[in-house]
Amino acid sequence: MAGFNVRSVLVTGANRGIGLGLVKQFLGKSNPPEWVFASCRDPKGERAQELKTLASRHPNLAIIALEATDPASIKAAAARVEEHLKSSGLNLLINNAGIARLNTLESETAEDMSLVYATNVTGPLLVSQAFLPLLKKAAQGSPQPGLSCSKAAIVNMSSEGGSITNLFAWQLGQVVSYRCSKAALNMLTKCQSLGYGGDGILSIAVHPGWVQTDMGSSPSQQAPLTVDMSVQGILNVLPTLSKKDNGAFVNWEGKVLPW
Ligand code: NDP
């Protein structure tokens, strides 16, 4: 991880769970990024308290308002990040924000299908579109050949629950809207890899493991991974990725997962 030299990173949904863990580990690196942009829905509210405490100790942490279902909020976030970066680009965009609804095939609703899709698929699409100019700038300004996460990359936080082959944890919950959304996010990742690879931007879908967060909590069984374990794994995997991994679906240990 020490060899992972990212100058700037933005994490969505950074006020709790895996997103907050990513922000903490980026800030704690021996060679931290010049800018860590932690986006959350309500930077002024109680839910952002941990981020605010971190920002008081880390001048390279900027808290950015970003609601993933609101195109205007996403555009405003990109503009704010650009102000901070001045003439540099953004190296790493981590589309981490996501929601799940504990519905079954019987109880699933049109409203939840739409909301989960809007958050988990349309959100990452629009966020990537809005930050594309900054990612391109990072790629163009980098002396590194090929593709890498330290040059310019989009990391979409997916789930093995969206793997049509593996259908992770079906017995624990059908979560139909969530599974469909992550399968769609995997397709979005593949499309982004084809569309943006030529611009020097790597796109990857990452399954963080089953993690002890609000989302990962189950009444019947405890998730095996702490946030720290998952995030450490992810941050070990990201620097190993290159052109050959563009558009792949990998887990927190770097294992390629089937679609
Ligand atoms: P949490 O529920 O703990 O946190 C979700 C984060 O996303 C919160 O910061 C939340 O903000 C934010 N968020 C939700 N909706 C929006 C929105 N519309 N706009 C902006 N931010 C939003 O989830 P995890 O940390 O567990 O999950 C992070 C990612 O990892 C998700 O994409 C999830 O699908 C994926 N994942 C998690 C697994 C696990 O076991 N935990 C397993 C596989 C994948 P707020 O506090 O405002 O609600």
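Worth a mention:
- Enumerated helices (runs of 4 or more DSSP H) restricted to the stretch 103-198, each holding at least 3 residues that are among the hydroxyl-bearing types (Ser, Thr, Tyr) and at pLDDT 95 or above: 176-196
- Some residue of the stretch 168-178 being within 27 Å of residue 105 (Cα to Cα), surrounded by 17 or more Cβ atoms within 10 Å (Cβ to Cβ) and under 16 Å from the mean Cα position of the chain (by Cα): yes
- Being without any contact (Cβ under 8 Å) to a residue 60 or more places away in the chain and either out of contact with any Lys or Arg (no Cβ under 6 Å at 6 or more places or on another chain) or more than 22 Å from residue 15 (Cβ to Cβ) (or both) is a property that residue 219 has.
- Extreme residue, surrounded by the most Cβ atoms within 10 Å (Cβ to Cβ), among residues of the stretch 221-259 that are among the hydroxyl-bearing types (Ser, Thr, Tyr) and within 16 Å of the ligand (Cβ to nearest atom): 230
- Extreme residue, farthest from the ligand (Cβ to nearest atom), among residues of the stretch 54-80 that are farther than 26 Å from residue 111 by Cα and outside any helix (DSSP H, G or I): 59
- The stretch 87-113, subset among the polar types (S, T, N, Q) and away from the ligand (no atom under 16 Å from the Cβ), residue surrounded by the fewest Cβ atoms within 10 Å (Cβ to Cβ): 87
- Unmet criterion (only one of (1) more than 18 Å from the chain's Cα centre (by Cα); (2) farther than 17 Å from residue 242 by Cβ; (3) in contact (Cβ under 8 Å) with a residue 40 or more places away in the chain) for residue 199: (2)
- Positions within the stretch 6-47 being near the ligand (Cβ under 10 Å from one of its atoms), of a type in the set (A, V, I, L, M, F, W, C) and surrounded by fewer than 23 Cβ atoms within 10 Å (Cβ to Cβ), in sequence order: none
- Pair list, Cβ < 8 Å and 6+ apart or interchain, from the stretch 168-191 residues that are closer than 14 Å to residue 119 by Cβ to residues that are at pLDDT 95 or above and of a type in the set (D, E, K, R): 175/101; 177/101; 177/108; 177/112; 178/101
- In the stretch 55-66, residue farthest from residue 88 (Cα to Cα) [restricted to those that are buried (at least 19 other Cβ atoms within 10 Å of the Cβ) and in contact with a helix residue (DSSP H, G or I) (Cβ under 7 Å, 6 or more places away or on another chain)]: 66
The values are calculated or read from the model by the stated rules, or taken from the named source; none is laboratory data. These numbers come from a predicted model, not from an experiment. Here the Cβ is made from the backbone with ideal geometry for all residues, glycine too, and neighbour counts use every protein chain on show.
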